[in-house]
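K.L.:
Shown below is the structure under consideration.
The values are calculated or read from the model by the stated rules, or taken from the named source; none is laboratory data. The shown structure was predicted, so the numbers you read here are calculated from the model rather than taken from an experiment. Note that each Cβ is placed from the backbone with ideal geometry, even for glycine, and that neighbours are counted across all protein chains shown. Accessible surface areas use protein heavy atoms only, side chains included; no ligands, DNA or RNA. Shrake-Rupley method; radii C 1.70, N 1.55, O 1.52, S 1.80 Å.
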Amino acid sequence: MKLAGLKSVENAHDDSVWTAAWVAETDARPALLLTGSLDETVRMWRPDDLELERTSTGHCLGVVSVAAHPSGVIAASASLDSFVRIFDVDTNATIATLEAPPSEVWQLQFNPKGTTLAVAGGGSASVMLWDTSTWQLIATLQIPRLEGSKPADKSSGKKFVLSVAWSPDGRRLACGSVDGTISIFDIARAKFMHHLEGHFMPVRSLAYSPIEPRLLFSGSDDAQIHMYDSEGKTLAGAMSGHASWVLSIDVAPDGVAIATGSSDRTVRLWDLGMRAAIQTMSSHNDQVWAVAFRPPGGSSRGGRLASVSDDKSISLYDYS
Amino acid sequence: MAYVYIPVHNSQEEVRVALDQLPRDATDILDILKAEQAPLDLWLTIAREYFKQGKVDQFRQILEEGSSPEIDEYYADVRYERIAILNALGAYYSYLGKIETKQREKEEHFILATQYYNKASRIDMHEPSTWVGKGQLLLAKGEVEQAFAAFKIVLDGDWDNVPALLGQACVEFNRGRYLDSLELYKRALRVHPECPAAVRLGIGLCRYKLGQLEKARQAFQRVLQLDSENIEALVALAVMDMHANEAFGIRKGIEKMHRAFEIYPYSAMALNYLANHFFFTGQHFLVEQLTETALAVTNHGPTKSHSYYNLARSYHSKGDYEKAGLYYMASVKEINKPHEFVFPYYGLGQVQLKLGDLRSSLSNFEKVLEVYPDNCETLKVLGHIYVQLGQYEKGQEFMRKAIKVDPRDAQAFLDLGELLISSDPTAALDAFKTAHSLLKKGGQEVPVDMLNNIGVIHFERGEFELAEQSLKEAVGEGVWISFIEGKIKPKAIDAAESVHLYRDVRIFTELEEDNVPLELPWNKVTALFNLARLLEQIHKTEPASLLYRLIVYKYPDYVDAYLRLAAIAKAQNNIQLSIELVNDALKVNNKCVNALSMLGDLELKNDDWVKAKETFRAAEATDDKDSYSTLSLGNWNYFAAMRNERKYPKLEATHLEKAKELYTKVLVQHNSNLYGANGAGVVLAEKGQFDISRDIFTQVQEAASGSIFIQMPDVWINLAHVYFAQGNFSLAVKMYQNCLRKFYYNTDSHIHLYLARTHYEAEQWQECKKTLLRAIHLSPSNYVLRFDAGVTMQKYSTSILQKEKAKRTADEVRSAVAELKNAIQIFSQLSAAANLHFHGFDEKKIATHLEYCKHLLDAARIHCEDAQREEEQIRQRQELARQVALAEDARRKAEEQRKRQLEKRKLDDELKRVEQQEEHFKRVKEQWKRNGPKRRERSDIDEDGGYNEKRRRGGKRRKASKSRYEVEETGNDLVDDQEYLEDEDANVNYREFAANETQEQDGVTEENAQDLLAAAGLEDSDVDEPSSTAKRRPNWSESDDDVGEQQPESSLVRENPAERHESDGELKENAERPYGDDDMDEEE
């Protein structure tokens, strides 16, 4: 497996680029790359030459997360002002604006079937689930207090939820918090199942393997990447190599490699068989806030990985 | 049976004397000899017989009688025999002198010998045998040149004089001219083929010296054929066998030595050699016995020296340095000049070095160097001694000399490298590399220590790949490689247990159960530790932790490994585990300063103030030299001063004073301690002495930028704080930004906060807001940042709305309104969250801000409408202006059109006229034909008509255009008026707004005067109302706290140097080892 740089766009945004997601291909157009930035805009880019398709405004303060519906028709973006904006990808028409005060919004993700949008609720220690047809709040998954919480952290009464990830079958939801714990929810019963421990610093990104539905990857500020068996509550392994925070994780569609973006300005490709970084890309010169593999299928061949950074640039790589 | 016949005087009879039955008392024979007046040669024969039988006294008695004055008188004409008797006596005394060891008696013997020879010479100057004797005597006395002259006299007379030839050969041998010596021996042999075996011995020795070993061996063997008990030949052959340096040869040699020993147990040479042999076989008891015997049997200086040397060596190798020193000394005493036998000096030097007597050792080694100026070992030892004496330059000089002498001596390069490690790592590295390649080329094993040192130097220079290469080579093959390469993966463990991951050694027990070898030789532990440290440095934390755990598993007393594991856990914020690991280390050594200091830091992180203080105290108590704990205590006091939230100013002052005192103490102990200086700078800054503290920080910053192990972001931050405090905002910003980028990968939200505060003070609101948003993104759960962002946006809006009307644009006003809305969103969220106790803010405070923002927003709306209207007007005006321009354009176009038409018409007219004229002309022509003079008048009239028409038309047009122009002008006037009116309107509006505002404010003041004032105060930093300071407190006090908080980081950072010291220590240990092992290298 290998990454090869295809194209980089300098100054793709007017300020730090904080988030990226792929919008699935539709009949009318190919897959698009969606990016969100501190400059309060969401932009769409057409691969492979990263042509700017559209710039959409409508957020105040920085855009912290974007997510695309599996159909490729609608997308969601969340910003620091705690609003989630749902919009039509092709017309940029706002479909809904979601808010659930007092919880702020962080990472977003649609479930694989596209029926539910999960929103990490920050300080409310919960994940909000929204119905994608009515745009009503279906459920609030609250993280219970950790039993016998350690004396080490006095303030750990509440867990600040930063990241979410759906399992490929849509039956489980994992969320990562600032204190380093990962919580697993059973979606059918809307119930908390258990915690996964091992990190002690914010878990900013989570990703399930597309081929092994129990395998969950987590990236944390402790610079480590953990592999959990999310059902068996076991830490299957840990990988180290980044010099600073791991900000983003994505699993390759073939499930044999993962890509990570880090504060150490690099994008790394990890071979899961060797459990080691096999490639380090240094095209960015500031924190790499997001990495995203293009979902498989569609007319366009070849794997693609996109990365975005505080240096305002976007990079696209060929993954093979 | 041999007889001598003494002729009876005056008769034909003879007395038969059986030579083997000579009477015990020589007087009997003497009586006979005297009575019968026997010829002198008989005297000599009998004396010689006595000598052969070992009856030396009788021999001397007869000869002394035979050389008495009476005999001289009586046998005055028998010259030759008299000379022979004298010569025999001379030779005898020469021999005595030669073997005598006591100096005085030796000389006496030589004097006697000289007397006899001189007497002989007086009888006949030219008797060759006398000269030969004299020559021998001189040789025995060591006067080689004179001996040469004596023998030469004989040989000049008779070229074939065998004794003289032998003597001369001996002279030449002693002079080192072995070829000449050999020639002489050969000649002697040719002249006298029957001569004793000793001659062949001489040949053998010459051959040996000339390096013709085979021929020498033949010669010695020939000697043994002739005389199977010739000790010298036996010993010589044995020595040769031994030098062949093969096991077989040595065994043969030793057998010969044994035989020699059995034949004659008192040959010192054989004894020494045997002792030498047993020294190498390690049978020290035999060595001592043999050498003691050798010492007892010989008085020969060099041999004794050799024996003492053997004895000393034996003790030396047994480690009894005192005794060895004494014997070396004895050995040295037997030597006149170091050139004769230099080894004991070397041994003595070594022993003295071992016993710490560097100066004596130095002088002995220098003596060795006089003899062998190019001896590598000696040069190296001298280098080391100079280094130990603190004369590094000289030490290195000797080392370099050693290398120059033998550029292929890996050991020398290795030693040089070790010398240079602390002073010049680059040169050390070069030396190590050379040693490395030499050893590799020679197929020798490369020492682990050296590879370790190479690795560490690379490490220190930041060349991690090279360092990894060397360290991997140092540790070699082993289970660790599988760990590093990820071939052995730790099994999955329960996530809940993963909390204790770095204490878990189950992986090793499991591996052992699977029969995977886990051997870890002790000499590789240091290298393995350094390798783990390197992996840690390049962020391969997992394999690093496995290696540390392996070390701990195999060597549970290896404190540093625990501490590194604790440091890894701490870096991952797993404080509980880190504390457990440090406690593991303390179980091994509860006085370990590093562990205690680390524990204190951890307790501080856990907010366990009292415990932390106790721990630091304990650390300080263990060792006064370790300034780290003092520093920590200083930091502790500093935090304590900052932490009390200024409730007790007295306490604060005490703590601050104490902190200063402790920092100063650190600086007194180590005047180049960066951290102490940094701390002192902080205290000074805290007291407002910014200039001094800035100087301090600048210096510390410069000093800290040299090594990869010193990471001092604190000093950058402190420097930035000082710039900030002095109002130099742009520099402060730059400093904060550099610090963020250089040390934190831009991830530290605290520094972002400092940066934001600087922007805030510099009134760069947008930068401030962006910075705060970034900080929120980095540290989402820090609600203070949100609050600050809200305040910033509020401030921004206010500043815009308060701007003079003319200086602001509608866009600005709009953005101010947008920011106000954002601020309201933020504040209302905070206020909502406050109910849920997400954060520890005062609800009221947020409510105040919220209220103020809302008010401002209401007010701003008017501003906004106002601005919009204004903009609308501007737009209208622009529209009008556009229309005017359009009209003008149209007019111009019309004019142009008209002009064009006019032109056309003119052209048409012209054409017509031309036509007319032509027609007219035709007509005129025709008329001319009829009546010529009328032509001119008619044309004039026509022209006039044309002109008139033209003028009329032009006038009309002008009029039309003029009227239009007037209309436009009035239009313009109207617009102007309108505008003026609107302006007035706007003014009125503004006045109203201002009134409104005051009214509103008044209204609010009535309602909640206090709060609003507070809010207003917050807005205007220049207004120094008490509430404003109260409001600004959150920012300030927080940042002050942060100034404090960076202190623990300074101590965190300090761990690295501390631990590097550890491994430095180990490096030094390696370096100190050099001369333990090679004691015996120089000896054959």
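K.L.:
Can you give me the Cα centroid spacing of the range B:364-414 and the range B:659-736 in angstrom?
P.N.:
Between the Cα centres of the range B:364-414 and the range B:659-736 lies a distance of 45 Å.
K.L.:
Then there is this: What's the local net charge at A:Val256, with K and R +1, D and E -1, over the other residues with C-beta under 14 Å away?
P.N.:
Details: positive: A:Lys2, A:Arg275; negative: A:Glu212, A:Asp250, A:Asp254, A:Asp271.
Combined, the nearby Lys, Arg, Asp and Glu give -2.
K.L.:
Which whole-number percent is the relative contact order of the range A:190-256 (Cα, under 8 Å, 6+ apart)?
P.N.:
Working: 136 pairs, mean separation 21.4, N = 67.
Rounded, it is 32 percent for the range A:190-256.
K.L.:
Which cross-chain or sequence-distant (5 or more) residues have an amide H under 5 Å from the amide H of A:His194, H modelled 1.01 Å from N in plane?
P.N.:
Amide H neighbours of A:His194, under 5 Å, 5+ apart: A:Ile184.
K.L.:
Can you give the local net charge around B:Ala467? Use residues other than it whose beta-carbon is closer than 9 angstrom to its beta-carbon, Lys and Arg +1, Asp and Glu -1.
P.N.:
On the way: positive: B:Arg461; negative: B:Glu460, B:Glu463, B:Glu465, B:Glu468.
Combined, the nearby Lys, Arg, Asp and Glu give -3.
K.L.:
In vacuum, with every alpha carbon of the range B:518-614 counted as one equal point scatterer, what does the Debye formula give for log10 I(q)/I(0) at q = 0.13, 0.20, 0.21 Å⁻¹? Two decimals, please.
P.N.:
Log10 I(q)/I(0), no solvent term: -0.44, -0.94, -1.02.
K.L.:
Right, another one. Using DSSP to call loops (not H, G, I, E or B), can you name the trypsin sites (Lys or Arg not before Pro) in the range B:101-179 whose Cβ has at most 11 other Cβ atoms within 10 angstrom? Working shown, then result.
P.N.:
Details: sites: B:Lys102, B:Arg104, B:Lys106, B:Lys119, B:Arg122, B:Lys134, B:Lys141, B:Lys152, B:Arg175, B:Arg177; in loops: B:Lys102, B:Arg177.
Hits after loop and neighbour filter: B:Lys102.
K.L.:
Hey, can you grab everything whose amide H is under 5 Å from the amide H of B:Ile488? Only 5+ residues off in sequence or another chain; H modelled, so Pro and N-termini drop out.
P.N.:
B:Phe483
K.L.:
If you keep only loop residues by DSSP, which trypsin sites (Lys or Arg not before Pro) in the range A:235-320 have at most 11 other Cβ atoms within 10 Å of their Cβ? Kindly include the intermediate steps, with their values, before the conclusion.
P.N.:
On the way: sites: A:Arg265, A:Arg268, A:Arg275, A:Arg301, A:Arg304, A:Lys312; in loops: A:Arg265, A:Arg275, A:Arg301, A:Lys312.
Those that pass, being in a loop and sparsely packed, are A:Arg301.
K.L.:
Step through the residues of the range B:726-734 one at a time and calculate ³J(HN,Hα) from phi using the Karplus curve (6.51 cos²θ - 1.76 cosθ + 1.60, θ = phi - 60°), rounding each to whole Hz and writing x for Gly and Pro.
P.N.:
Each residue of the range B:726-734 in turn: 8, x, 8, 5, 5, 5, 4, 4, 4 Hz.
K.L.:
Tally Lys and Arg at +1 and Asp and Glu at -1 over the other residues with C-beta under 14 Å from the C-beta of B:Ala832: what net charge comes out? Walk me through the numbers on the way to the answer.
P.N.:
On the way: positive: B:Arg786; negative: A:Asp81, A:Glu99, A:Glu104, B:Glu843.
Within the 14 Å Cβ shell, the charges total -3.
K.L.:
Then there's this: Using Cα pairs under 8 angstrom and six or more residues apart, how large is the relative contact order of the range B:37-119, in percent? Please report the intermediate quantities before stating the final value.
P.N.:
Numbers: 69 pairs, mean separation 19.4, N = 83.
Over the range B:37-119, the number comes to 23 percent.
K.L.:
Remind me, relative contact order of chain A in percent, using alpha carbon pairs under 8 angstrom and six or more residues apart?
P.N.:
Computed value for chain A: 15 percent relative contact order.
K.L.:
Right, next: Could you sort B:Ser779, B:Ser181 by accessible area so the largest value comes first, with the probe set to 1.4 Å? Could the numbers behind the result be given before it?
P.N.:
Numbers: B:Ser779 25, B:Ser181 0 Å².
So the residues, ranked largest to smallest area, are B:Ser779, B:Ser181.
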